[in-house]
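Q: Handing you this structure, nothing more for now.
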Amino acid sequence: MSLRRGGIIAAGEGSRLRAGGYAMPKALVPVGGVPLIEAVIGNFQAAGIDALVVIVNEQSRACVDWVRRHFPSLEVEFIVKTTRSSLESFLEVGARLGAGPALVSTVDAWCRPGDFVRFVEAGRRRLPEGSVLGVTPFVADENPLWATVDAGGRITRLGEGAGPMVTAGFYLLSAQARAITPPAHLARLRDYLGWLAECQPLYAEVIDTVVDVDRPDDVALAETLGLPEPRDPHGGDR
């Protein structure tokens, strides 16, 4: 199944990071010296996605210039808009991705590139019938969206009463899922995902470790998790 274009949601305000001393836009907050936006772009490139749509808010225009400078050959379209919710950002990005399946990530979902690639590869196998959410047992989020998954990998419940996994901020939507218009009353991205799980095949792919980077403590946690594996003094990696 062809999957060439992806989207990045980077329109959040990052207020908790700013309160913790980070003066730059959230997408430019470094984890281990690598800005979040660079890490996510690297994940997409590792997964073979070579064209992106990125949404940033109007106070984060510096992100546009930063990406243009550091990825001059990247095929990327920017949307500069301050949205009311992550769902609005998600739909704005989706409207620019064209028909077919699409891969979307939030900019603050930090994971190792190899884990992201495995998620995409597993998700491709669910296409064209099913859509896929990344989920993780590693709960590093103040307000997680819990997910219940059956033995076949299908998500049976999202939100209240669900568990033990939480959504990870990675979404691979089928062409069929993207073609249906969500109800106008949905206010949040999690509301949309819950609705989608009720009307379309929605599967989970487990990623062992994903950090939702919202606070300085999350940056420190991601940096710790991103360290190389300790080397065995007798030779080889442990």
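Q: Scan (1) part of a loop (DSSP other than H, G, I, E, B); (2) under 30 Å from V31 (Cβ atoms); (3) modelled with pLDDT of 95 or more for the single condition N143 breaks and write down its number.
A: Unmet for N143, out of (1) part of a loop (DSSP other than H, G, I, E, B); (2) under 30 Å from V31 (Cβ atoms); (3) modelled with pLDDT of 95 or more: (3).
Q: Moving to a separate point now. How many residues are within 15 Å of F78 (Cβ to Cβ), part of a loop (DSSP other than H, G, I, E, B) and among the β-branched types (V, I, T) when one looks only at segment 42-63?
A: Adding up the residues that qualify gives 0.
Q: While we're here: Do any residues in segment 41-52 that are over 9 Å from V120 (Cβ atoms) have Cβ atoms under 8 Å from those of residues that are of a type in the set (K, R) and crowded, with 19+ Cβ neighbours inside 10 Å, where the two are at least six apart or on different chains, and which pairs are they?
A: From residues that are over 9 Å from V120 (Cβ atoms), the pairs are A51/R5; L52/R5.
Q: While we're looking at this one, here's another question. For segment 75-121, enumerate the residues that are touching a helix residue (DSSP H, G or I) at 6+ places or on another chain (Cβ under 7 Å) and of a type in the set (F, W, Y).
A: Selection gives F78, F90, W110, F116.
Q: I'd like the full set of residues that are part of a helix (DSSP H, G or I) and out of contact with any Phe, Trp or Tyr (no Cβ under 9 Å at 6 or more places or on another chain), limited to segment 17-41.
A: L17, R18, A19, K26 - these are the residues of segment 17-41 that are part of a helix (DSSP H, G or I) and out of contact with any Phe, Trp or Tyr (no Cβ under 9 Å at 6 or more places or on another chain).
Q: Go through segment 72-90 and report how many residues are part of a helix (DSSP H, G or I) and in contact (Cβ under 8 Å) with a residue 40 or more places away in the chain.
A: 4
Q: Which residue is farthest from W146 (Cα to Cα), if the candidates are limited to segment 180-222 and must be out of contact with any helix residue (DSSP H, G or I) (no Cβ under 8 Å at 6 or more places or on another chain), modelled with pLDDT of 95 or more and among the charged types (D, E, K, R)?
A: So, considering only residues that are out of contact with any helix residue (DSSP H, G or I) (no Cβ under 8 Å at 6 or more places or on another chain), modelled with pLDDT of 95 or more and among the charged types (D, E, K, R), the one farthest from W146 (Cα to Cα) is D217.
The values are calculated or read from the model by the stated rules, or taken from the named source; none is laboratory data. Everything numeric here is computed off the predicted structure, so don't read it as measured data. Don't worry about glycine lacking a Cβ; one is built from the backbone with ideal geometry, like all the others, and counts go over all protein chains shown.
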